[in-house]
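Please treat every number below as a calculation from the coordinates, not as lab data. Nothing here was measured: the structure is a model prediction, and the numbers come from that model. Glycine also receives a Cβ, built like all others from the backbone with ideal geometry; neighbour counts cover every protein chain displayed.
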Amino acid sequence: MIKPFVVLALMSFTVLCVAEPAPETPAAPPQSPFGDLSAMLENLPADDIGLLARVHFATHTRDFDRSRTFYRNLGYTEGMSGFPLTNTHQMARALGMYDICQYELVKGEVITLPGSLNTASIDLLQFKTPYNDDPPYDLPNHLGMAYAALLTTNLAGDVAYMKSLGVEFLSEPYGIPGDQFVFFRDPDGVLFKLMETAPPHGDPEANMHLIAMPYIGINVSDLEASLDFYRALGYTVTKPVPEAGTLEEARAYGLDEPFRIKGADIALARGDRHVLRLVQWIKPYNDDPAYPPPINHKGINRIALVVPDLDRAVEIVKARGVKFLSEVAPCCSGTGEDEFGIVHILDPDGVFLELVGPIAKRKPQPQPEGCPPLEIKLPPG
C-alpha cells in the first residue's frame with residue numbers, strides 16, 4: 001500500500017518541477033523528478049542536509065468545513081485526505097504534545113491550488129485533542145510565520161468577488177494595477193497577502209485568478225542571525241527587500257505609522273527553489289514571541305520541507321546545536337512502521353520547520369506506561 005504522505009510528497013515534486021498534473025490515484029509511487037536521490041546524497045557536502053522542496057504549510061481551524069469552503073472559493077478545489085485522525089505517541093511528541101498519549105483530529109486535508117506555478121498547498125487541520133482556540137497573529141508584523149503571499153492575475157476582480165463573500169480585508173488595495181497588494185483574513189483570522197505583479201489578465205469570467213504562492217512571510221528579531229540559520233539549511237539565494245514604507249503602505253499592513261524594516265527574500269538554489277521572506281521590523285516592532293508548542297495553534301505555524309535522508313539531516317542539524325521538539329517520528333500511517341519520518345526544528349525565533357524525508361525503518365514503539373492501547377481512527381468513508 002502506498003502511504004498517502006509519501007504519494008503527496010512525490011506528487012508535489014512532480015507538480016513543482018514539470019508542471020504536469022499528477023493522477024489522483026497513482027498505481028505506483030511516482031519517481032522523484034530530482035533524479036536519483038542516492039546519487040545526490042553521495043555528492044552532497046558533509047554539512048549539507050540536501051533540502052529540496054516545500055510540501056506545504058500547516059494552518060489550523062476551529063471549523064474545518066467552513067474553512068474548506070472558504071479555500072475552495074479561493075480556488076483550492078483539489079486536495080488529499082484520508083489521513084488517520086489519531087496517530088502514535090511519537091507523532092504527538094513530534095508536534096510538541098508531550099503530555100497526551102495520542103492526539104485526535106476532527107478533520108484534515110492537504111488542499112491544493114490546481115495548476116499553481118509552485119507549491120501552494122496548505123495542510124488544513126481541525127484538532128479535537130488537544131484544541132487551542134487562541135486567535136492567530138493579528139497583524140503582519142508579529143514575530144513568527146506571519147502570512148502567506150498569493151499571486152493573482154486580476155487583483156481587482158478577486159477582491160470584488162471576495163468582498164461579495166464577506167471576506168475581511170485590512171485595507172483597500174495598495175499600489176496601482178499591475179503592482180499592488182492587499183491583506184485579507186481567512187475565517188479564523190489567518191493572514192494572507194494577495195498580490196498582483198503584472199497588468200490584469202486571465203479569464204474575465206472567473207471568480208478567482210490565483211496562480212501561485214510566491215513566498216511565506218517570516219518575521220525575525222535578528223535578520224543576520226536568521227540569514228545565517230536559513231543559509232545553513234540551503235537557502236543560499238538572497239535578494240534584499242525595500243527598507244521603508246509610507247503611511248499609506250503601512251495602512252495596507254494594518255499599521256498606523258510609516259514603517260522601517262530590514263529584510264530579504266531567500267530561496268533554495270536547487271529543487272523547487274521556493275522562497276521565504278525574512279523581515280526584521282525596526283519600527284513599529286512587536287516583540288511578542290512566535291507561537292509556542294504544541295503545534296496546534298490557529299495560524300500558519302509550520303512549513304514541511306523535504307530532505308533526501310532525514311536521519312542524515314538530523315545528525316547534521318543537531319551538530320549545529322539547533323533545537324528540536326522531539327526525536328524523529330515515523331509518519332504517517334499510524335503503524336509506526338513507515339519509511340518516511342518527520343521532525344521539527346526551531347529557527348532562532350522559535351518558528352517550527354518540519355523536516356520530512358526517508359528514514360531507516362524502526363521497530364514500532366509501544367505506548368508509554370499509563371497510556372491506553374494505540375487506537376488508530378480513520379476518517380469516515
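The table for this structure:
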read-out: The range 160-185-the range 205-225 distance, computed between alpha-carbon centres (Å); value: 15
read-out: Helix-only CD estimate at 222 nm, as mean residue ellipticity for the chain, using -39500 (n - 2.57) per DSSP H run (n ≥ 4); value: -5500 deg cm²/dmol
read-out: Three-way shape call for the range 229-381 based on the alpha-carbon gyration tensor, with the a/c threshold at 1.5; value: prolate
read-out: Computed label-point distance, nm, for sites Thr77 and Arg185 using a 7 Å Cα→Cβ extension; value: 2.9
read-out: Where labels lie 7 Å past Cα in the beta-carbon direction, separation of Leu37 and Arg320 in nm; value: 2.0
read-out: Among Pro258, Pro45, Pro366, residue whose mean-square fluctuation peaks in a GNM of the chain (springs only between Cα atoms under 10 Å); value: Pro45
read-out: Nearest-ten-degree value, helix 223-233 long axis tilted from longest Cα axis of the chain; value: 40
read-out: Assigned charges on the beta-carbon of Lys, Arg, Asp, Glu; the range 109-209 dipole about Cα centre (debye); value: 80
read-out: Estimated inter-spin distance, Glu369 and Asn286, nm [label 7 Å along Cα→Cβ]; value: 4.5
read-out: Listed residues Leu247, Ala269, Pro258: farthest to the positive end of the dipole of the range 241-281 (Cβ charges); value: Ala269
read-out: Residue-span extension gain [Phe169 to Leu117] - 0.36 nm each, minus C-alpha spacing; value: 16.2 nm
read-out: Choice from Met40, Met195, Met91 showing the highest fluctuation, given a GNM over the chain with Cα pairs closer than 10 Å; value: Met40
read-out: Tail fraction, Cα-Cα pairs, the range 156-226, threshold 17 Å, whole percent; value: 51
read-out: Lys, Arg +1 and Asp, Glu -1 on Cβ, resulting dipole of the chain about Cα centre, debye, nearest 20; value: 380
read-out: Gyration tensor (Cα) of the range 162-318, equivalent ellipsoid semi-axes in angstrom; value: 29, 20, 17
read-out: Furthest towards positive pole of dipole, Ala156, Asn87, His142, structure part the range 47-166, Cβ charges; value: Ala156
read-out: Nearest-20 debye value, the range 207-318 charge dipole, Cβ charges on Lys, Arg, Asp, Glu; value: 280
read-out: Proximal charge balance of Ala92 [Cβ under 11 Å; K/R count +1, D/E count -1]; value: -1
read-out: Cβ-Cβ FRET estimate between Ala225 and Ile376, R0 fixed at 35 Å, reported to 0.05; value: 0.30
read-out: Stokes-Einstein translational diffusion, the range 195-241 - Kirkwood Rh over all Cα pairs, 1.002 mPa s, 20 °C, in µm²/s; value: 153
read-out: Neighbour-count ranking [beta-carbon atoms within 10 angstrom, fewest first] of Ser164, Ser121, Ser221, Ser333; value: Ser164, Ser221, Ser333, Ser121
read-out: Sum of side-chain charges, Asn207 neighbourhood, beta-carbon under 14 Å (Lys, Arg +1; Asp, Glu -1); value: -1
read-out: Largest-first principal axis extents, alpha carbons of the chain, Å; value: 58, 45, 42
read-out: Exposure proxy order (Cβ contacts within 10 Å, fewest to most) of Phe324, Phe57; value: Phe324, Phe57
read-out: Rounded to whole Å, sorted largest first: equivalent-ellipsoid semi-axes of the range 97-167, Cα gyration tensor; value: 30, 17, 14
read-out: Distant-in-sequence amide H partners of Ala146 (H built 1.01 Å from N, under 5 Å); value: Gly217, Ile218, Asn219
